[in-house]
Amino acid sequence: MDHHRADSSFTTRQDLDARLDLHRRLILSSLDGLSEQQARATPVAGRPSLLGVVRHTAYVEGVWFGEAITGRPRADLGLPVATANSWKTRRTDSIASVTELCERISEHSRSNLADLDLDDVVTGRSPRTVLSLYTHVLVELAWNTGQLDILRPLAESIRD
């Protein structure tokens, strides 16, 4: 059997979507079993909390699969205008509310991407191919997943 031959029934788009979904699950699961205090704690001085990193992932998707495709402003999407604020948790944030935000943004992303091909050019922010958007978001989500892998054990060590 030739293991180097591509399976023609599995497309690049399906692969990208599967990888996005994997990172989305990993990111949300980083909050599983934590208390609200542990999720909000900043175990490394000057770094965001787990909840802040998860909140930032919604921002990434919202900017690149929302604003970049539709041209709708970040504020209309329920996102901070400034990137620096995307890492900060709000007083009213909870594990449930940030999870809901991530799920809502992910559904919005899926909807915005549904009728687009990878080589389509979108002009919501500046001209980019859909493949370029996927690549950017996947890199960001992978990076954030790594951050969460480092922060999770530190947050777990915090006792309520």
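Derivation of every value follows stated rules applied to the coordinates shown; laboratory data play no part. Here the structure is a predicted model, which is why all the values come from computation and not from measurement. Methodologically, a virtual Cβ is constructed for each residue, glycine included, from the backbone with ideal geometry; neighbour enumeration extends over all protein chains shown.
Karplus-based coupling profile of segment 30-35, in residue order and whole Hz: 5, 8, 4, x, 8, 7, with θ = phi - 60° in 6.51 cos²θ - 1.76 cosθ + 1.60 and x standing for Gly or Pro.
Taking only C-alpha pairs under 8 Å that are 6+ residues apart, what is the relative contact order of segment 43-120 in percent?
For segment 43-120, the relative contact order is 42 percent.
Averaging the sequence gap over all C-alpha pairs within less than 8 Å and six or more residues apart, then dividing by the number of residues, gives the chain a relative contact order of 34 percent.
The angle between the Cα long axis of helix 95-113 and the main principal axis of the chain comes to about 10°, on a 0 to 90 degree scale. Go ahead and run the numbers for FRET between Glu36 and Ala84, Cβ-Cβ distance against an R0 of 22 Å, rounding to 0.05. Step by step, r from the Cβ atoms, then E = 0.40. For the peptides 24-32, 61-69, 79-87, the ranking by packing is 61-69, 24-32, 79-87, with the highest mean count of neighbouring Cβ atoms within 10 Å listed first. Taken along its principal axes, the alpha carbon cloud of segment 50-110 reaches lengths of 29, 22, 16 Å, longest axis first.
Could you work out Rg/(2.2 N^0.38 Å) for the chain, with Rg from alpha carbons only? Mind dumping the intermediate values first?
Details: Rg = 16.9 Å, N = 160, 2.2 N^0.38 = 15.1 Å.
Ratio of Cα Rg to 2.2 N^0.38 Å: 1.12.
Quick check on segment 13-95: take the gyration tensor over C-alpha atoms, sort the square-rooted eigenvalues as a ≥ b ≥ c, and tell me if it's rounded (a/c under 1.5), prolate or oblate. Taking the square roots of the gyration eigenvalues as a ≥ b ≥ c, segment 13-95 is oblate.
Computed from the Cβ-Cβ distance with R0 of 35 Å, the FRET efficiency linking Ser94 to Asp21 stands at 0.90. In this structure the amide hydrogen of Arg128, modeled in the peptide plane, comes within under 5 Å of the amide hydrogens of Val122, none closer than 5 places in sequence on its chain.
How much mean residue ellipticity at 222 nm does the chain get from its helices, if each DSSP H run of length 4 or more adds -39500 (n - 2.57) and you divide by all residues, to the nearest 500 deg cm²/dmol? All intermediate terms of the calculation are to be shown ahead of the outcome.
Working: 5 runs with 82 residues, N = 160.
Taking each H run of at least 4 residues, the total per residue is -17000 deg cm²/dmol.
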